[in-house]
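Read the structure below first, then the notes.
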Amino acid sequence: MVARPFDVAIVGGGPAGAAAAITAARNGLRVVCLDKAKFPRDKTCGDGLTASALHALERLGLACERLHALPAVVVDETVLVSPSGRRVRLPLAGDGMHAAVVRRLDLDAALLDVARGHGVDVRDGYGVRHVELTDDHVTLDVDGGTDVRARFVIAADGHFSTVRRVLQPSVKRDLGEWHAVRQYFDGVRDTRLWVIFEKDLLPGYAWVFPLPGGQVNVGYGVLRDDRRKGRDLKRLWPNLLERRVVRDILGPKAQAIDSVRAWPIPARYDRARLTDGRVLYVGDAAGVVDPMTGEGIAQALDTGTLAAEAIARGGDVGARYRDAVDRALGRDLRFAGALQAVLRSPVGARGAVRAAGLSPWTRRQFARWMWEDYPRALLGTPDRWHRGSLKAAGAFAMSS
């Protein structure tokens, strides 16, 4: 039995899927959002939210009060640690939120609640088993025996996208460009956000991100290459926790409160892979993660929104979506990829940290650039220059 078709079926209920669902519903479309998991569910992640992500959440209608209640930690200072051990403190402006940390367990469920408030038919606990693509619609074979038919599908189902695997079975399984590891700890007194450049992690880094109640998210992200295979990456974790810089940040009372979790990060942007007929890929399924930092939440929110807007406007939806993503994100992703070459060497990483700490002005501007207060490649793209572009207020400036 096939029910009345939806305008949009979204596969995946994470930030990209929720953003697509909210935007499509706001545009008067009939929307269903499917996810094989039951929410709230954990998602292995660094849990950091850049200014770009926070502005997107604000536009999507996640209230400041709700964000604080999740709960969130608003970051007011970042500390960079050079491979030489040099430490540079980067203050963040107090005019709104420029960076925050929220567990994905809480954030993703809250966004789906916003989608439900807009009338989206959210069906968590229902996975997609098969996809049938025709010229005028897409049919999804869903757990439970009921097919879902829609004019378009937005695939927000992560790096190992089921939709892509079904539609492109010959494409080799991609392990991702980055390998990341995360573990939660309790009993930590330092409430600052730390980014640690260790020689053997470059061009990756380690992090200690603060959470409420003395908890922290500790992890690292490193680029996969011929020098570092899966077995080598696995051995990095216990070694990292024993390093003095990490022990000093965590303090003597720190205790692990969950198991170690690892995940791949896709960071290979390819405009041609954004669509497949009536299917639009967003978030990790589209490979739009920042190749320099591994940040993907802001890009997920942006691509989900752009996909829904393209469908709402009609016409050549695929071309409209590809153009919109390339215009909004393509230049910044390519620029961030080029910066990998600088941060790959200890000399480059030391120079970047030293330059960031040259003066109060460089500290403020580097913090803004790092936390995406403005686009990565802004200085090289004059069409995006405007008065105040280097000192915009943070998200929720009026309510926080």
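The values are calculated or read from the model by the stated rules, or taken from the named source; none is laboratory data. The structure presented is a predicted model; accordingly, all values stated were derived computationally and were not measured. Heads up, the Cβs are rebuilt from the backbone with ideal geometry, glycines too, and the neighbour counts pull from every protein chain shown.
Counting only residues that are out of contact with any Gly (no Cβ under 6 Å at 6 or more places or on another chain), more than 23 Å from Ile154 (Cβ to Cβ) and surrounded by 17 or more Cβ atoms within 10 Å (Cβ to Cβ), segment 88-105 holds 7 of them. The set of residues from segment 108-118 being under 19 Å from Ala300 (Cα atoms) and either in contact (Cβ under 8 Å) with a residue 40 or more places away in the chain or buried (at least 17 other Cβ atoms within 10 Å of the Cβ) (or both) comprises Asp108, Ala109, Ala110, Leu111, Leu112, Val114, Ala115. Whenever a residue of segment 342-356 is free of Cβ contacts under 8 Å to residues at least 40 places away in the same chain, it has no partner that is of a type outside the set (Gly, Ala, Ser) and part of a loop (DSSP other than H, G, I, E, B) lying with C-beta atoms less than 7 angstrom away and at least six residues away or across chains.
If you check Ala341, Ala367, Ala352 for being within 30 Å of Asp326 (Cβ to Cβ) and surrounded by fewer than 17 Cβ atoms within 10 Å (Cβ to Cβ), only one passes: Ala341. Here Arg244, Arg268 are screened, and the one residue that is surrounded by fewer than 16 Cβ atoms within 10 Å (Cβ to Cβ) and under 17 Å from the mean Cα position of the chain (by Cα) is Arg268.
Residues in segment 307-322 include none that are under 27 Å from Gly12 (Cα atoms), among the small types (Gly, Ala, Ser), in contact with an Asp or Glu (Cβ under 8 Å, 6 or more places away or on another chain) and part of a helix (DSSP H, G or I).
For the condition more than 29 Å from Ile196 (Cα to Cα) and more than 21 Å from the chain's Cα centre (by Cα), what is the one hit in Glu65, Glu58? Steps first, please.
Working: Glu58 fails: more than 21 Å from the chain's Cα centre (by Cα).
Answer to the check: Glu65.
For the residues Leu49, Leu62, the requirement of being out of contact with any strand residue (DSSP E or B) (no Cβ under 9 Å at 6 or more places or on another chain) and among the hydrophobic types (A, V, I, L, M, F, W, C) singles out Leu62. Taken together, the residues in segment 150-172 that are farther than 20 Å from Asp302 by Cβ and touching a Phe, Trp or Tyr at 6+ places or on another chain (Cβ under 7 Å) amount to 1.
Note on segment 378-400: residues that are surrounded by 18 or more Cβ atoms within 10 Å (Cβ to Cβ), hydrophobic (A, V, I, L, M, F, W, C) and either at pLDDT 95 or above or in a loop (DSSP other than H, G, I, E, B) (or both) total 2. Out of the residues in segment 251-283 that are out of contact with any Phe, Trp or Tyr (no Cβ under 6 Å at 6 or more places or on another chain) and in a helix (DSSP H, G or I), state the one that is farthest from Glu198 (Cα to Cα). Per the criteria, the residue is Ala272. Looking at (1) among the small types (Gly, Ala, Ser); (2) touching an Asp or Glu at 6+ places or on another chain (Cβ under 7 Å); (3) under 26 Å from Thr78 (Cβ atoms), which is the only condition Gly176 fails? Gly176 satisfies every listed condition except (2). With (1) out of contact with any Leu (no Cβ under 7 Å at 6 or more places or on another chain); (2) surrounded by fewer than 19 Cβ atoms within 10 Å (Cβ to Cβ) as the list, and Pro40 as the residue in question, which single condition is left unmet? Going through the list (1) out of contact with any Leu (no Cβ under 7 Å at 6 or more places or on another chain); (2) surrounded by fewer than 19 Cβ atoms within 10 Å (Cβ to Cβ), Pro40 breaks only (1).
Is it the case that Arg87 is free of Cβ contacts under 8 Å to residues at least 12 places away in the same chain and not acidic (Asp, Glu)? Taking the combined requirement at face value, the residue satisfies it. Contact map, segment 152-163: residues that are closer than 8 Å to Leu280 by Cα and in contact (Cβ under 8 Å) with a residue 40 or more places away in the chain paired with residues that are small (Gly, Ala, Ser) and in a loop (DSSP other than H, G, I, E, B), Cβ distance under 8 Å, separation 6+ or inter-chain. Pairs shown: Ala155/Gly12; Ala155/Ser161.
Within segment 92-118, being modelled with pLDDT of 95 or more and not hydrophobic (A, V, I, L, M, F, W, C) holds for His98, Arg103, Arg104, Asp106, Asp108, Asp113, Arg116, Gly117, His118.
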